[in-house]
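Visitor: First, the structure itself, so that you have it in front of you.
The values are calculated or read from the model by the stated rules, or taken from the named source; none is laboratory data. This is a predicted model, so every value here is computed, not measured. Note that each Cβ is placed from the backbone with ideal geometry, even for glycine, and that neighbours are counted across all protein chains shown.
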Amino acid sequence: MKRAPLIAALLGATTVLGFAPFQLFPLPVFTLAALALLWQRAARRGAAALLGFCFGLGEFLAGVSWVYVSLHDFGAMPALLAVPLTLLFCTYLALYPALVGLIYHMLGARTAFATLAALPALWTLAEWLRGTLFTGFPWIELGYAQVPASGLAGFVPLLGVHGATLLTAASAAVIVYAVNKHARQSYWIGGTVLLTVWLGGWLLKQIEWTQPAGKPITVSLIQGNVPQEMKWRADEVTATFDGYRQLVAATDADLVVLPETALPLFLQQIPTDYLEDLAAHVRAHHGDILIGIPEHGEGNDYYNSMLSFGTAPTQTYRKSHLVPFGEFVPLRPLFGWFFEVTQIPLGDFARGTSAPQPLAVAGQQVAVNICYEDAFGAEIIRQLPRATLLVNASNVAWFGHSIAPRQHLQISQARALETGRFMLRATNTGMTAIVDPHGQVRQAAPEFTSAIVTGEVHGYTGATPYVRYGDAPVIVFASALILAAIWLALRKTAKIRD
């Protein structure tokens, strides 16, 4: 079918509507099912790979092309370079669904086992690889679309987002199987399976995997709304400092959280009386404040850090999972030119420890993560079950008026579900929000406004199954399904030769 690549691309672009801010969570099930039917009709494995590539290109151009905004609008990269780099990035991401299509076709796409077992496993492993290789980029993984409203979200505390991805792809596979059989009995069986899984997930939502501990605390999350184009200007530093001073003075919460790099000077450059004023204010209410401040380390190293001040001793969290080409340059001899054609401040951070400890503030054990780090569930759980609260400090002003901030909020909602903890998000321009352990947004500030989100939260103890076992069960299970499919395909080939 000559139009199949175009149809695949449109299916990929439509899939983005399943994620925030649109959140039509059933949609990815049907777009993936439609893609699988196209794969089954592909005459050759190369054609199947092309269909997967077109699907991925449509999905990522529609879903993450906001990368262009950060490169061109705020990074000052010329459009003639930013456009092809954004396209190249989306092209790379599209290779993962292309690989799924290639292997699915090789395993015998029309067979029941390849569809019902291998296809969901292949899609899940491809998403996992995309979030792992080259430091990883797990944005708009299929499982995130199910958070928090879908019945499949009930499986997230057990199996993590990869588990939700597996079950989403499995739901698509059941639809494909029923369509292929084209019999009333297959429709009944398929419908029953889907109803059982999705209803089972809804029932799992009723389980309290973790427990509130101690008295609740009040939190205030500060959204400074400092325009990205003004944030690092020397003549705007005083206004930024005064703005945050006024916002902090307006709250008496037990825990106050400012965004990532809220104060656009190195710690060593900030007047000590300024920090002492902020600390004294929260200390007067027996509280603590977390502030995003870049800091110099040993030698020429500098870090993207969050520091605490107030009643508890000063503590530091240093970001460890850095953004390639945003916070460091990989393979500098090859890509060192990147920062020569952009205006990205502080673009060569050093990594903090990969085994951080929670910060003891406001009577809680707080697992801090900075911006992009909360996209990696396996890394967040390193501080659990000791941590009682999660805090994410971000500055997604880099992505302007795009869908990226709401996508990022949905990622944070998944982390709250996986861990059974409140997630407190303090951002520069949005989305600043309090997310409860069920992944629901309790309170949020409007984007691009100066605001304070204040609420009462509990610290939580205990461990969800995902906190205990991480991604290993899903990855091992998916790998076993693929190995079984390979064995069956080889056995079938051997019989044909005999």
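Visitor: What helices (runs of 4 or more DSSP H) completely inside the stretch 215-285 contain at least 2 residues that are more than 27 Å from residue 444 (Cα to Cα) and at pLDDT 95 or above?
Guide: Where helices (runs of 4 or more DSSP H) fall fully within the stretch 215-285 and carry at least 2 residues being more than 27 Å from residue 444 (Cα to Cα) and at pLDDT 95 or above, they are 272-283.
Visitor: Regarding the stretch 106-115, can at least one residue be identified that is within 20 Å of residue 8 (Cα to Cα), among the polar types (S, T, N, Q), within 21 Å of the chain's Cα centre (by Cα) and at pLDDT 90 or above?
Guide: No, the stretch 106-115 contains no residue that is within 20 Å of residue 8 (Cα to Cα), among the polar types (S, T, N, Q), within 21 Å of the chain's Cα centre (by Cα) and at pLDDT 90 or above.
A quick yes/no check of all residues on (1) in the same structural domain as residue 129 (by TED's automatic domain parsing); (2) over 13 Å from the mean Cα position of the chain (by Cα); (3) in contact (Cβ under 8 Å) with a residue 60 or more places away in the chain:
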| residue | (1), (2), (3) |
| --- | --- |
| 392 | no, no, no |
| 402 | no, yes, yes |
| 415 | no, no, no |
| 421 | no, yes, yes |
| 432 | no, yes, yes |
| 440 | no, yes, yes |
| 446 | no, yes, no |
| 451 | no, yes, yes |
| 457 | no, yes, yes |
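Visitor: Continuing with the same structure: Would you point out which residue out of 71, 11 is within 24 Å of the chain's Cα centre (by Cα), under 21 Å from residue 146 (Cα atoms) and crowded, with 19+ Cβ neighbours inside 10 Å?
Guide: Just one listed residue meets the conditions, 11.
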